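Working notes, structure below.
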Amino acid sequence: MMPTIDNKTFYLAAIKKYGQSAKGLNWNSSDTQILRFDKLIELLPNNLNRYTLTDAGCGFGDFYNYLDQKPKRYLGLDALEEMVTIAKENTLQEILKCDLLQETPPVSDYIVCSGALNILTRFETTMFLQNCYKSAKEGFIFNCLYGDRESDTFNYLDQEFIEKIALSLGVNEVKYVQDYLPNDITVGFFR
């Protein structure tokens, strides 16, 4: 079983070492961060400007800044005050401190999450997914590490776990985007 990783220590050490960059969020590179963003966008509607969007675990607000088409309303959420401050400066959007393991986010048409599940335990992942899906009127789209692997640091989800969660939440449709990075998957839970 994977031990609990201290979220604050994990991210603040990376920011101290790499600054405001993809590596500062513990991505391998900006290329892999952007590739994951592209996969989230594949599952969002083409007319995103008609919908509200919440970015769960928004980090520096990079996803918002990457979007060509901005949503009708954007809300960034992060558990770390340091991320909230940086994301507000980077996006000039509403960014709130929110612990999605314990809080349900404000209701939004779509909720996205890129990478925020990577160091959570299975229990924490379940809470995060439940809380986000409850608040998504149209869908919750997330990417995560994928496969039948054990790690002392990273959380790898498998299809059985994802489908079990979807069933427990009453998800109407599950969509998968795979084969873009080794051990990575993007999943959409749609109503």
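Points worth noting:
- F123 falls short on exactly one of the conditions (1) touching a residue at least 24 places away in the same chain (Cβ under 8 Å); (2) more than 27 Å from Q20 (Cβ to Cβ); (3) part of a helix (DSSP H, G or I), and that condition is (1).
- Count - residues of segment 89-120 that are free of Cβ contacts under 8 Å to residues at least 24 places away in the same chain and over 14 Å from the mean Cα position of the chain (by Cα): 5
- Subset of segment 153-167 (residues that are among the polar types (S, T, N, Q), open to solvent by 40 Å² or more (accessible area, probe 1.4 Å) and closer than 16 Å to F142 by Cβ): Q159
- Being modelled with pLDDT under 90 and under 27 Å from E173 (Cβ atoms) is a description that applies to G147.
- Of all the residues in segment 46-90, those that are in a loop (DSSP other than H, G, I, E, B), open to solvent by less than 30 Å² (accessible area, probe 1.4 Å) and more than 23 Å from I119 (Cβ to Cβ) number 2.
- Selection of segment 113-128 for residues being open to solvent by less than 30 Å² (accessible area, probe 1.4 Å), over 19 Å from D148 (Cβ atoms) and at pLDDT 90 or above yields C113, S114, F128.
- Exactly one residue among N155, N172 is out of contact with any Pro (no Cβ under 7 Å at 6 or more places or on another chain) and in contact (Cβ under 8 Å) with a residue 60 or more places away in the chain, and that residue is N155.
- Long-range neighbours under 6 Å by Cβ, at least six apart or interchain, first residue open to solvent by 50 Å² or more (accessible area, probe 1.4 Å) within segment 129-152, second not acidic (D, E): K134/T104; E138/Y110; R149/Y156
- In segment 175-191, the residues that are in contact (Cβ under 8 Å) with a residue 24 or more places away in the chain and closer than 22 Å to D31 by Cβ: V177, Q178, Y180, L181, N183, D184, I185, T186, V187
- Pick from segment 99-133, criterion of a type in the set (A, V, I, L, M) and out of contact with any Cys (no Cβ under 8 Å at 6 or more places or on another chain), ranking: nearest to D55 (Cα to Cα): V112
The values are calculated or read from the model by the stated rules, or taken from the named source; none is laboratory data. Just so it is clear, the model here is predicted, and its values are computed rather than measured. Glycine gets a Cβ as well: all are built from the backbone with ideal geometry, and neighbour counts include every protein chain shown. Ligands, DNA and RNA are excluded from the accessible area calculation, which covers all protein heavy atoms including side chains. Shrake-Rupley method; radii C 1.70, N 1.55, O 1.52, S 1.80 Å.
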